[in-house]
Each structure stands twice: as C-alpha cells, then as structure tokens.
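First comes the structure, then the notes that go with it.
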Amino acid sequence: EFILLGLSDTRELRVPFFTFFFLAYAMVLLGNLLIIVTVRTDPKLSSPMYFLLCNLSFIDICYTSVTSPRMLVDLLSQRKAIAFEDCIAQLFFLHFAGASEMFLLTVMAYDRYTAICQPLHYTAIMSRRVCWVLVSGCWVGGFLHSFVQTLLTVQLPFCGPNTIDNYFCDVPPVIRLACTDIYLTEWLMASNSGLISLLCFLVLVTSYVFILVTVRVRFTEGHWKALSTCASHVMVVTLFFVPCIFIYLRPFSTFPSDKHICVIYTVFSPVMNPLIYTLRNNEVKASMWKLWK
C-alpha cells in the first residue's frame with residue numbers, strides 16, 4: 001500500500017479544505033449534469049458545439065470523480081492509506097479522462113475554427129457522423145495514452161518507501177518510489193504525457209490565431225459572438241493545459257512535489273467549465289430557464 005500525505009499536514013486546515021473542495025466537487029457535478037440535461041432536452045441546442053459541450057461535461061464529471069471523493073475522505077481520515085491496486089486504478093482513470101478531455105478540447109477548437117472561418121461548409125464538415133467519430137477518437141486516444149502510462153508504471157519494482165507527497169496517485173510521485181533507475185521510464189512517460197499536452201495546446205493556439213485573423217477581416221455581430229465564446233474557451237484551456245505541460249514535460253525525479261499546482265487542473269478547471277459555458281452563453285441560459293420553469 002501507499003500513504004498519501006494530502007494537501008497539508010495542518011489539522012486546523014482540514015475542515016476548511018474539506019468544505020471548500022466539497023463545494024467545488026458539488027458545483028462540478030450539479031453544473032455539468034445541468035448542462036447535459038439542458039442540451040439533451042432542448043431541440044434548439046442540437047448544433048455540433050453543444051454536442052461537444054455535452055460530452056465535455058460528461059468527461060469533467062468522470063475526471064473530477066477520480067480524485068475528489070478520495071481527497072475528501074482523506075481530509076477527515078487519520079491514516080491516508082491506499083492499496084497498490086487502487087492507486088494504479090486511480091492513475092489509469094485519471095490519465096484516461098484527462099487525455100480524453102485534452103483531445104476533446106482540441107476538437108472543440110476545431111469546431112469553432114470551422115464555424116467562423118468556413119461558415120458555408122460548416123454543416124457538411126461537422127456533421128453528426130463526423131462529431132461521433134471525433135468524440136470516439138478522443139476516448140480511444142485517451143485509453144491508449146493511459147494504457148501506456150499504466151503499463152510503464154506497473155512494471156516497476158516497489159520495495160522501499162511508500163509515502164506519496166500528493167493527494168492522489170499520479171505518475172510523477174508514484175514512479176519516484178520505484179527501487180530501480182527510472183531515467184528511461186520517466187523520459188518515455190514525459191514524451192507521452194508532456195508531448196500530448198504540448199501538441200494539443202499548440203493546435204489550440206493555432207486555431208485561435210486563425211479565428212482572430214478571420215474575425216478581424218470580417219467583423220460582424222455573429223463573429224463577435226463567436227469571438228466571445230472562443231475567449232471563454234481560451235480561459236479554460238489555459239487553466240487546464242499550462243499546469244499539465246509544466247508537470248509532465250520534464251524529468252519527474254528532479255523536481256519536488258507539485259500537488260498545489262495539480263489543484264488547478266483537477267479542481268479549478270472542472271469548476272470553471274460549467275460556469276463559463278453557461279454564464280457566457282445566452283442560448284444555454286435561456287434553455288436552462290425554460291427547463292426550470
């Protein structure tokens with residue numbers, strides 16, 4: 001088994017931390033479930049953008065449920081022990097959902113690029129069949145990425161220290177405990193996780209550059225609305241990708257624990273998604289109000 005040290009050793013901070021992260025987890029669940037129900041029940045929200053948004057909400061629920069419940073339990077526990085099999089399972093599903101979300105955010109950026117830069121061909125390019133293929137590809141890509149990371153981890157021998165300076169099991173803190181030289185393994189993992197994060201982020205930035213150029217040339221009310229949507233998307237992308245690039249695109253054993261940075265993309269980013277996509281989208285707000293009535 002492994003021992004998780006959690007976010008803080010200070011006893012006085014356990015209750016405030018528990019209250020804050022419980023409210024954050026509740027917001028993620030309720031907000032994303034509300035988005036899913038709203039999109040599924042309103043025929044007006046049938047465009048590819050809302051189809052992808054619905055899938056993003058589902059992934060966010062899965063992603064945050066991998067780490068938050070365990071963290072909440074450990075905040076009120078004296079001994080934060082986790083079995084080796086549970087630790088590996090948490091690592092697998094974390095990277096499965098996380099990589100799938102990276103790929104989906106890239107697909108959503110491509111959807112906005114197509115809608116703004118090629119509006120006449122948008123319906124043909126982003127058909128429902130294409131959307132299903134893209135979303136399925138996101139899940140398959142996430143599974144393959146997570147399978148490689150997990151396979152490289154379970155082959156390592158663990159026979160010494162068992163203390164993980166984090167609140168969940170992730171690749172960097174776990175492989176530091178291996179009783180062998182991990183130089184090659186950590187570079188293989190960094191080239192996997194780090195390059196995926198960096199390449200997806202570069203694709204996103206490129207798509208936004210093309211969108212900004214198009215909006216500057218053809219500035220209309222519709223393009224202003226699309227630009228506002230993209231600005232919100234950029235905010236979510238920055239919160240999610242930049243910490244991941246910082247953590248995974250470097251050797252794991254040469255840096256101290258990054259558990260406080262992990263909070264950004266495991267807690268804050270999933271909380272921001274439902275807030276941004278509802279409070280800044282009049283169509284979704286109108287549909288939610290209709291559903292409430």
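Rule-based calculations on the coordinates, nothing more; no lab input. Computed from a predicted model, the values in this text were never measured in an experiment. Counting neighbours? That spans all protein chains shown, and the Cβs are built from the backbone with ideal geometry, glycine included.
Would you please put 49-61, 31-43 in order of how densely packed they are, using the mean number of other Cβ atoms within 10 angstrom per residue and starting with the highest? Don't skip to the answer; put the middle values down first.
Numbers: 49-61: 21.9, 31-43: 17.8.
Answer by packing, highest mean first, reads 49-61, 31-43.
Look at the dipole of the chain built from charges on Cβ: of Phe246, Leu34, Leu152, the Cα furthest out on the positive end belongs to Leu34. For the chain, the 222 nm mean residue ellipticity estimated from helices alone, with every DSSP H stretch of n ≥ 4 adding -39500 (n - 2.57) and the total spread over all residues, rounds to -25500 deg cm²/dmol. Using a cutoff of 8 angstrom between alpha carbon atoms and counting only pairs six or more residues apart, the relative contact order for segment 2-292 works out to 27 percent.
Return the FRET efficiency for the residue pair Leu23, Leu199: r is the Cβ-Cβ distance, R0 is 25 Å, and the value is rounded to the nearest 0.05.
Values: r = 34 Å, r/R0 = 1.38.
So the FRET efficiency works out to roughly 0.15.
The angle between the Cα long axis of helix 84-117 and the longest principal axis of the Cα atoms of the chain comes to about 20 degrees, rounded to the nearest 10. Of the peptides 130-142, 264-276, the ranking by mean beta-carbon count within 10 Å, highest at the top, reads 264-276, 130-142. Seen through its C-alpha gyration tensor, with square-root eigenvalues sorted a ≥ b ≥ c, segment 60-147 comes out prolate because a/c lies at 1.5 or above while a/b is bigger than b/c. With each label modelled as a point 7 angstrom along the Cα→C-beta vector, the Leu156-Leu188 pair spans 1.2 nm.
Each Lys and Arg adds +1 at its Cβ and each Asp and Glu adds -1 at its Cβ; summed about the Cα centre, the chain shows a dipole of about 1100 debye. What angle do you read, to the nearest 10 degrees and between 0 and 90, between the alpha-carbon axis of helix 183-217 and the longest principal axis of the chain? Tilt relative to the chain: about 20 degrees. Rounded to the nearest 10 degrees, the angle from helix 221-248 to the longest Cα principal axis of the chain is 10 degrees.
Pairs of Lys residues in the chain, spaced 8 or more positions apart or belonging to different chains, with C-alpha separations under 30 angstrom: 9 in total. Can you tell me how segment 102-174 classifies by the Cα gyration tensor, rounded, prolate or oblate, using a/c under 1.5 as the rounded cut? Prolate, since a/c reaches 1.5 and a/b exceeds b/c. Once both labels are positioned 7 Å from their Cα atoms along Cα-to-Cβ, the gap between Phe147 and Thr238 label points is 3.7 nm.
How much net charge surrounds Phe210 when only other residues with a Cβ under 12 Å from its Cβ are counted (Lys, Arg +1; Asp, Glu -1)?
Details: positive: Arg112, Arg216; negative: none.
After counting each charged neighbour, the total is +2.
With N the number of residues in segment 2-292, Rg(Cα) / (2.2 N^0.38 Å) evaluates to 1.06.
Shape class of segment 10-160 from the alpha-carbon gyration tensor: oblate, with a/c at 1.5 or above and b/c at least as large as a/b.
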